[in-house]
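Where a number appears in this text, it was derived from the coordinates with a stated rule and is not lab data. The structure presented is a predicted model; accordingly, all values stated were derived computationally and were not measured. A quick note on method: Cβ atoms are made from the backbone with ideal geometry, for glycine too, and the neighbour counts reach across all protein chains shown.
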Amino acid sequence: MTAKIIDGVAIARQVRVGIAARAAMLKSHDVLPALTMIVVGDNRASAIYVRNKVRACGEVGIKSDVIRLTADETEESLLSRIRLLNEDPGVHGILVQLPLPPHISVRRVLGTIAMSKDVDGFHLYNVGGLVIGETVFPPCTPYGVHKILEHEGIDLEGKNVTVVGMSNIVGKPLALMLMQREATVAICHAKTRDLAQYTILADILVVAAGQPKLIVAPMVRTGAIVIDVGINFLPGGKLTGDVDFEGVRRKASRITPVPGGVGPMTVTMLLENTVAAAERATGFRPAAESLFPV
């Protein structure tokens, strides 16, 4: 068996056609969807991610602005900037690029962003809403994984899903999303004993642990669907995921590559959330509507 490689770039391109159409509709009513990104410090990876987001915004008709701050920016100054953006009707989405310098509280920063402009989906309201299926803006990476599964026509009901990694950004919210679709979900983490006994049972295996080649072929069920969320830079700058791609693809039925799998969908769902925020702010979509309903 050789797995079908899931082309995240092609899926993202298809989804963005619909996003661009919605942005064009807003602009025909004199509303320009707008995203403001704040970057604190000089992190090379952050610079790459923000550049990709700016380019993607331009492709679908979203206005993007980047506020670049030095690493010695004070926490209170950053929070004041966010509060001003919260009050600006011309800004529909606010994103603070992580990581932040150690003297700045990520929790305070994310909690200061208005829920109605939290297009990254990290505000407590949006994360908590996942428990009952009423979040407004789902976190972008889990949302992207869900869209990939949806695009592939995978019925989640009753499926055994193992999520490796329990971060607040990917693992935990993704597990909640999958449970809303009546999947049976196991979450594994750094202290899980005998990881393979959980991964081998998975119909769908999602790996977001940040450890290169953590998952090898003997740990994967024959015919499983493998979604690799990992982004790791090897010596020399090569990008790789958390899965031994060449080994696992000979056992899985479908697999996402790194790069070109989940990454493009993460950016795409940021675009989705930003256009949705503009729609909500201007009455194009009922304010109480969830983008990830039960």
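Suppose the chain between THR222 and GLU76 were pulled fully straight at 0.36 nm per residue; how much longer would it get relative to their current alpha carbon spacing?
47.3 nm
ILE38's amide H: which non-local residues (gap 5+, or another chain) put their own amide H closer than 5 Å, with H modeled 1.01 Å from N in plane and none for Pro or chain starts?
Amide H neighbours of ILE38: ILE67, LEU95, VAL96, GLN97.
Need one number: % antiparallel among DSSP beta bridges in the chain, to the nearest 5.
5 percent
Indicate, rounded to the nearest 5 percent, the antiparallel portion of the DSSP beta bridges found entirely in the stretch 140-263.
Around 10 percent antiparallel, to the nearest 5.
Could you give the radius of gyration (one decimal) and Dmax (whole number) of the Cα atoms in the stretch 25-120, in Å?
That works out to 13.5, 44 Å for Rg and Dmax.
What is the spin-label model distance, in nm, from GLU246 to ARG51 if the labels are put 7 Å beyond Cα along the C-beta direction?
Reported label-point gap for GLU246 and ARG51 is 2.9 nm.
Do any trypsin sites (Lys or Arg not before Pro) in the stretch 175-215 lie in a DSSP loop with no more than 13 other beta carbon atoms within 10 Å, and if so, which? It would help to have the intermediate numbers written out before the result.
Values: sites: ARG181, LYS191, ARG193, LYS213; in loops: ARG181, LYS191, ARG193, LYS213.
Qualifying residues, ordered by number: LYS191, ARG193.
Compare the Cα positions of VAL275, ILE169, THR222 along the charge dipole of the chain (+1 at Cβ of Lys, Arg; -1 at Cβ of Asp, Glu; about the Cα centre) and return the one farthest towards the positive end.
Selected residue: THR222.
Return PHE284, PHE122 ranked ascending by Cβ neighbour count within 10 Å, so the fewest neighbours appear first. Don't jump to the answer; show the numbers that get you there.
Values: PHE284 15, PHE122 23.
Going from sparsest to densest Cβ surroundings: PHE284, PHE122.
Convert each backbone phi in the stretch 198-203 into a coupling constant with the Karplus relation 6.51 cos²θ - 1.76 cosθ + 1.60 (shift: θ = phi - 60°), then list the ³J(HN,Hα) values in order as whole Hz, x for Gly and Pro.
Rounded to whole hertz, the list is 8, 5, 5, 8, 7, 6.
Could you check how many percent of all C-alpha pairs in the chain are farther apart than 37 Å?
13 percent
With r defined as the distance between the Cβ atoms of ASP42 and ASP194 and R0 fixed at 51 Å, what FRET efficiency is calculated, to the nearest 0.05?
Between ASP42 and ASP194 the formula returns 0.80.
At R0 = 45 Å, how high is the FRET efficiency between LYS4 and LEU69 if r is their beta carbon distance? Nearest 0.05 is fine.
E between LYS4 and LEU69, to the nearest 0.05, is 0.55.
What are the ³J(HN,Hα) couplings of the stretch 258-271, residue after residue, when phi is run through the Karplus curve with 6.51, -1.76, 1.60 and θ = phi - 60°? Round to Hz, x for glycine and proline.
9, x, x, x, 6, x, x, 6, 4, 5, 4, 6, 5, 4
Among the GluC sites (Glu not before Pro) within the stretch 182-289, which fall in a DSSP loop and have no more than 14 other Cβ atoms within 10 Å of their own Cβ?
Answer by residue number: GLU182, GLU289.
Treating only the Cβ of Lys, Arg, Asp and Glu as charged (+1, +1, -1, -1), what charge dipole size does the stretch 140-263 show about its Cα centre? Round to the nearest 20 debye.
Values: 13 positive and 11 negative charges, 57 e Å.
Here the size comes out at about 280 debye.
For the stretch 139-287, with equal point scatterers placed on the C-alpha atoms only and solvent neglected, what are the log10 I(q)/I(0) values from the Debye formula at q = 0.13, 0.17, 0.18, 0.20 1/Å, to two decimals?
Listed by q, the Debye log ratios stand at -0.57, -0.92, -1.02, -1.24.
Working from Cα positions, state the angle (0 to 90°, nearest 10) between the long axis of helix 75-87 and the longest principal axis of the chain.
With rounding to tens, the tilt is 70 degrees.
Which ³J(HN,Hα) values in Hz, rounded to whole numbers, follow from the phi angles of the stretch 47-58 under the Karplus curve 6.51 cos²θ - 1.76 cosθ + 1.60, where θ = phi - 60° and Gly and Pro get x?
4, 5, 4, 5, 4, 5, 5, 4, 4, 5, 4, x
Counting only C-alpha contacts under 8 Å and six or more residues apart, can you give the relative contact order of the stretch 25-120 as a whole percent?
RCO, the stretch 25-120: 36 percent.
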